[in-house]
Structure formats: structure tokens, C-alpha cells
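Novice: Structure provided below as C-alpha cells; questions to follow.
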């Protein structure tokens, strides 16, 4: 589970006792932390446009989208051969990053993935590759 309070509260709400893994932390938004994209508005419009079009950019002083995708991909690969099911409770950015990695999609596709609150995404590793299992239940 991600270390942030909202992830811990989600785990508690569904009755899980989970361990914290910092690799599942939300993207570091640097000076933009705690602000919505709408709040950034005009003063940050150029920086925001750069961040949303260049996965390597981190104009906010935090983590780039490419960095988030790499971190999450490393976590997935670390657990690829685990013999048990894992439930990762994390954030939309982390889930988007995992989907981008599993699909082998370009980093720019990150913004084309919508992750609703309390959404469930299932991914499986068959010993050769990861797959995204659409429309599945836990």
C-alpha cells in the first residue's frame, strides 16, 4: 500500500491490514502538491503544458511522469514472479503508470487513462509478460 494517509484509510475501510511500500507512493508533485490542475491556472499554464506533454519534464520541482512510470514498473517487475496475489492500494497516477508499463504504451498515453476513485484494475503476470485484465472482478 502507498504510504499516504488516504491509502491507509482505504485499506482500513475495506478491513485490510497492509504493509506500506514507498514504491507505491503518489507522484511527487513538488511545489504543486495539494493543488488541483484547475488551481494552477494562468500563473503555471506554460509549466503545466510542458509537464503534460513532455513525460521527462518536472517543472514543479518534483517527479516527472517518466520517473513515476519507471518507479512503478520496477515495483511490478520486482513482484512479477511472486507466487501469491497482491493487492496494491495506491493513487490514480500510480495506477496509470502501471497500466502504461503493462501495455508497453508510450509515456504520453498516461493522460489518456482515467482512474476513478476506488477503481479496481487487475494485472496478471504469466511468467513471460504482464497483461491487463479488463472487466474483471477481484
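Novice: Going by average Cβ neighbours within 10 Å, how do the peptides 57-65, 99-107 rank, with the highest at the top?
Specialist: Ranked from most to least packed, the peptides come out as 57-65, 99-107.
Novice: How would you order 108-114, 15-21 from highest to lowest mean count of nearby Cβ atoms within 10 Å?
Specialist: Ranking, from highest mean packing down: 108-114, 15-21.
Novice: Let me ask you something else. Would you mind calculating the gained length between residue 42 and residue 18 on full extension (0.36 nm times residue separation, minus the Cα-Cα distance), in nm to one decimal?
Specialist: Length difference between fully extended and current span is 4.6 nm.
Novice: At 0.36 nm per residue, minus the direct Cα-Cα distance, what do residue 124 and residue 109 gain on full extension? Give it in nm, one decimal, please.
Specialist: Net length gain for the segment: 3.3 nm.
Novice: Here's another thing I want to ask about it. The list (i) 28; (ii) 33; (iii) 52 gives values of percent of Cα pairs over 25 Å apart, and only one came from this structure; which label was calculated from it?
Specialist: (i)
Novice: Another question, if that's okay. What does the helix-only formula give at 222 nm for the chain: each DSSP H stretch with n ≥ 4 adding -39500 (n - 2.57), the total divided by the residues, and the result rounded to the nearest 500 deg cm²/dmol?
Specialist: That calculation yields -10000 deg cm²/dmol at 222 nm.
Rule-based calculations on the coordinates, nothing more; no lab input. Please read all numbers here as calculations on a predicted model, not as lab measurements. For neighbour counting, all protein chains shown are included, and Cβ atoms are generated from backbone atoms with ideal geometry for every residue, glycine included.
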